[in-house]
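Novice: Got a structure for you, questions after.
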Amino acid sequence: MEIRSSLREQNIQDERIRDILILDRPEDIKLVFSEKYNNVLKLIEENEMSISDIARSLNINPGSVHYYLKELESHGLVRLVREEIRGSIVRKYYRAVAKRLLLNIPNFKMPNDLEVGHTHDYDERLIRSIEYLGYILPAENLEDAIDLLHRYTIHMKDIIIDMDYSGLENVEDNGMILKNALSLIMGIKIKNDPALARIYSEFEKLFLPYG
């Protein structure tokens, strides 16, 4: 049976998958922290997949996958990369727009009763997210892990705030240059920060990698 690609595929393949995408809109960040959307994103970070492929991998209804993809697409987090046409059937393949997502936390404004690191719900969701990314937390380490994650959040916010008041935004108005410069310097600061080094060391003792 003949399989052909549509003209749309040729047009959208011209857009390259980014290495990094920085999220700074609250609505985008909240979507990424949603388990159902995050599960879809993780599947298509490195590889393109069709709706039916994703549905089988997650053991959910294809209609739900279609809805999740459309929501992610409307937020600019995934895109259609190609279409296969087999007779009257069109199979659409999607992929995340970037291999890695970074969150620009200072712009993520939350109500006072939902401040990061101050609610039980936040603690549970953060630990669950870490476990999705390849680490498991033994039950006996829970209390120490929550304290560690609070310290990490506070320290990272301090680093970001210090960078926010650098004055760079007064001399450079290109948003992409600003974000890339901040991301680069943040990586260097994190690498050379003794307090973070201690936190990472404690993390490795509390959270155990799968496998």
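The values are calculated or read from the model by the stated rules, or taken from the named source; none is laboratory data. None of these values were measured; they are calculated from a predicted model. Ideal geometry is used to build each Cβ from the backbone, glycine not excepted, and the neighbour counts take in all protein chains shown.
Novice: Which members of segment 63-79 meet the condition of being in contact with a helix residue (DSSP H, G or I) (Cβ under 8 Å, 6 or more places away or on another chain) and either more than 18 Å from F33 (Cβ to Cβ) or charged (D, E, K, R) (or both)?
Specialist: Scanning segment 63-79 gives S64, V65, H66, E71, R79.
Novice: Inside segment 15-52, can you point out the residues that are farther than 25 Å from D121 by Cβ, in a helix (DSSP H, G or I) and in contact (Cβ under 8 Å) with a residue 40 or more places away in the chain?
Specialist: Hit for segment 15-52 is I51, nothing else.
Novice: Across segment 53-90, which residue is nearest to the chain's Cα centre (by Cα) among those that are in a loop (DSSP other than H, G, I, E, B) and at negative phi? Working first, answer last.
Specialist: Residues of segment 53-90 that are in a loop (DSSP other than H, G, I, E, B), as a first pass: 59-61, 75-77, 87-88.
In the following step, the residues that additionally are at negative phi were identified as 60-61, 75, 77, 88.
Values: I60: 21, N61: 23, H75: 13, L77: 9, S88: 35 Å.
This residue is L77.
For (1) touching a helix residue (DSSP H, G or I) at 6+ places or on another chain (Cβ under 9 Å); (2) of a type outside the set (D, E); (3) modelled with pLDDT of 85 or more; (4) closer than 19 Å to L23 by Cα, each residue gets a yes or a no:
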{"position": "R95", "(1), (2), (3), (4)": "no, yes, yes, yes"}
{"position": "K109", "(1), (2), (3), (4)": "yes, yes, no, yes"}
{"position": "V116", "(1), (2), (3), (4)": "yes, yes, no, yes"}
{"position": "D123", "(1), (2), (3), (4)": "yes, no, no, no"}
{"position": "A139", "(1), (2), (3), (4)": "no, yes, yes, no"}
{"position": "M163", "(1), (2), (3), (4)": "yes, yes, no, yes"}
{"position": "L178", "(1), (2), (3), (4)": "yes, yes, no, yes"}
{"position": "K189", "(1), (2), (3), (4)": "yes, yes, no, no"}
